[in-house]
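Engineer: Structure incoming, see below.
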Amino acid sequence: MNALALLAAALLLPAPALAHIGDGLHHGLMAGFLHPFSGADHLLAMVMVGLWAGLSGGAARLALPGAFLGGMALGGVLGLAGVALPGGEAGILASVIVLGALAALAVRLPLGLGMVLVAGFGLLHGAAHGVELGGVALLGAIGGTAVLHAAGLALGNTAAPWARYAAQVAGGATAAVGVLLAFV
């Protein structure tokens, strides 16, 4: 089964009603690693970073996920320190919509601008994780995020026209899910 079919199947699985792993499980490296997989907003945005990076090609394949992870680490430290970022949840939701749309349209921004954009989204995701998780769990969340970036990168890093089209459809579906999440 190719990676695109596997991701599509995983995204179609029913999700639990809770947005994140239940209280009491937010401790430790493994709980942190699993945390990004537990909420549609985080999962979709993080996969889209990799997907968009793959569709963009060149240096963006590593620079965009790296910028997101750097922003996430900084945001995590701020969250651990108790610094609340205004509009954090709205920004996280916006990241799903914007990153999905960028992938759907295969937009190629100047690399620096793309890095600033994803680093800002990473900052918001990291701050939310920093508030919810402990220090060791935050490190796990960064690791889980890197895995999600890699999955998206694998899907978007292809020259086959049908695969690029499928990746762009996945981006459009993600943007649409982001809009739906705004109303739930």
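Engineer: May I ask for the net charge around Leu51, where only other residues with Cβ less than 15 Å from the Cβ of Leu51 are counted and Lys, Arg are +1 while Asp, Glu are -1?
Structural biologist: On the way: positive: Arg61, Arg108, Arg164; negative: none.
Neighbourhood net charge equals +3.
Engineer: If amide hydrogens are placed 1.01 Å from N in the peptide plane, which non-local residues have theirs closer than 5 Å to the one on Gly57?
Structural biologist: Excluding prolines and chain starts, which carry no amide H, there are no hits.
Engineer: Read phi for every residue in the stretch 173-181 and hand back ³J(HN,Hα) as whole Hz from Karplus 6.51 cos²θ - 1.76 cosθ + 1.60, θ = phi - 60°, with x for Gly and Pro.
Structural biologist: With the stated coefficients, the stretch 173-181 comes to 5, 5, 4, 5, 4, x, 5, 4, 4 Hz.
Engineer: What span do the alpha-carbon atoms of the chain cover on each of the three principal axes, reported in whole Å from largest to smallest?
Structural biologist: Ordered largest first, the chain gives principal extents of 45, 37, 30 Å.
Engineer: Determine, for each peptide in 151-158, 43-50, 133-140, 114-121, the mean count of other beta carbons within 10 angstrom over its residues, then list the peptides with the highest first. Could you put the intermediate results ahead of the total?
Structural biologist: On the way: 151-158: 23.1, 43-50: 28.9, 133-140: 19.1, 114-121: 21.5.
Ranking, from highest mean packing down: 43-50, 151-158, 114-121, 133-140.
Engineer: Karplus couplings for the stretch 76-84 from phi (6.51 cos²θ - 1.76 cosθ + 1.60, θ = phi - 60°), rounded to Hz, Gly and Pro as x?
Structural biologist: x, 5, 4, x, 4, 7, x, 7, 8
Engineer: Which far-off residues, 5 or more places away or on another chain, put their amide H under 5 Å from the one on Leu133, with H placed in the peptide plane?
Structural biologist: Amide H neighbours of Leu133: none.
Engineer: If each Cα of the stretch 78-184 is one equal point scatterer, what is log10 of I(q)/I(0) from the Debye formula at q = 0.24 Å⁻¹?
Structural biologist: Here log10 of I(q) over I(0) equals -1.37.
Engineer: Right, here's the next one. Kindly write out, for the stretch 111-126 in residue order, the coupling ³J(HN,Hα) from the Karplus curve 6.51 cos²θ - 1.76 cosθ + 1.60 (θ = phi - 60°), rounded to whole Hz, with x marking Gly and Pro.
Structural biologist: Per residue, the Karplus-derived 3J(HN,Hα) values read 4, x, 5, x, 5, 4, 4, 6, 5, x, 5, x, 4, 5, 5, x Hz.
Quick note: the coordinates plus some simple rules give every number you see, no bench work behind them. These numbers come from a predicted model, not from an experiment. Heads up, the Cβs are rebuilt from the backbone with ideal geometry, glycines too, and the neighbour counts pull from every protein chain shown.
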